[in-house]
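Okay, so here's the structure we're looking at.
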Amino acid sequence: MIQIVRDLAPNARFAFHTGLLSNATVAHGIIELATQIRADIIVDDIVVLDEPFYQDSIIAQAIDRVTEMGVAYFSAAGNEARQSWEVEDGFVPSGQSVSGGGIAHDFDPDPDRVNFGQAIGIRGPTQLSFQWDQPFASASTDGTGSASDIDVFLVGQDGKILDRGADANIAGDALERLEVQEGEEFLGFLVIELISDPAPGRMKYVFETEDQVEIAGFARNSSTILCHANAAGAGTVGAAFWRNTPRFAISPPEIEDLSSVGGTPILVDDQGHRLEEPVIRQTTSP
């Protein structure tokens, strides 16, 4: 990215900070670039799916801090298209379980039917992040964490559990992750199980890559601009083919189908308390 910008602005000064290691490393790097390097503009193109969807992470909080200092901050929207599932009306118990220790969510919106498996095909590699509308202890200034414990499972067509995300969530983060490695293929079902009450309200999962996954059953095609790309201070940049831009008489630019889309609400404040009203931010431009 620095090489591309240098071609356009060869006299500009550049600095780099890693976006790897941890959320704390990224947040600290943002503050360092603004305060020690005196950067006027900071740009990132990383996706960190263990940040909260419904609350500002420590990375998002760092972005807001530097933009209040006058720094312009730009983040990549991502290429997740609408590879996301979300329900706003809460967990619906199906009366079924694949683990024997919880109750599976009923994905079927028809109240007369029960379906506790979301049909999914995965060609790998990809990662799934599943979250719900409760606080992250890692992002809350008073340490408030999740009240619920929820697990997610990949279940084969034969009913066998192939992978699971089963962290202990209570007083921790409202998050479960699954990862499919290079070369792995999967055709089966995703199952969400409530292990410990209370049942959450809004729930959401998103896959990291757009072309490796097909959500075949009960797909909600919801927002995929998430985490620090959804920060109040971030200018979030979507993808547009270069020939579909104002330089070629296309104005506004035409967003690519693969580009992530916005609309993810912020439901929890930095202290870990539920907001009275959801905050939906419009920060995206191609």
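Nothing in this text is a laboratory measurement; each read-out follows from the coordinates by a stated rule. In this text the structure is predicted, and so the values were computed from the model without any measurement. Positions of Cβ are backbone-derived with ideal geometry, glycine not excepted, and every protein chain shown enters the neighbour counts.
For the range 4-14, putting each phi into the Karplus relation 6.51 cos²θ - 1.76 cosθ + 1.60 with θ = phi - 60° gives couplings of 5, 5, 5, 4, 8, 9, x, 8, 6, 9, 10 Hz, in residue order, rounded to whole numbers and with x for Gly and Pro.
For the range 148-228, the set of trypsin sites (Lys or Arg not before Pro) satisfying both a DSSP loop assignment and a count of at most 14 other C-beta atoms within 10 Å is given as Lys160. Kirkwood-based Rg over Rh for the chain (C-alpha set), two decimals? With Rh from the inverse mean 1/r over Cα pairs, Rg/Rh is 0.99. Semi-axis lengths, largest first, of the ellipsoid equivalent to the range 84-215 are 23, 19, 13 Å, with √(5λ) applied to each eigenvalue of the Cα gyration tensor.
Charge dipole of the range 84-215 (Cα centre as origin; +1 on each Lys and Arg Cβ, -1 on each Asp and Glu Cβ, all else neutral): 220 debye, rounded to the nearest 20. If you wrap the tightest convex hull around every Cα atom of the range 65-117 and split its volume per residue, you get 168 Å³.
Ranked by how many other Cβ atoms sit within 10 Å of their own Cβ, fewest first, the residues Ile192, Ile120 fall in the order Ile120, Ile192. Ranked for footprinting exposure by Cβ neighbours inside 10 Å, fewest first, Glu51, Glu176, Glu254 give Glu254, Glu176, Glu51.
Just report the Cα centroid separation between the range 32-57 and the range 186-208, whole Å. Here the two parts' Cα centres lie 28 Å apart. In this Cβ point-charge picture (+1 for Lys and Arg, -1 for Asp and Glu), the chain has a dipole of about 900 debye about its Cα centre. Ellipticity at 222 nm from helices only: DSSP H runs of n ≥ 4 in the chain, each -39500 (n - 2.57), divided by the residue count, give -3000 deg cm²/dmol. Here's the picture: charge each Lys and Arg Cβ at +1 and each Asp and Glu Cβ at -1 in the chain, and of Ala39, Gln157, Ala119 the one pushed furthest to the positive end of that dipole is Ala39. Sorted fewest first by neighbouring Cβ atoms within 10 angstrom, Met1, Met203 come out as Met1, Met203. Average projection, convex hull of the Cα set of the range 37-91: 5.3 square nanometres.
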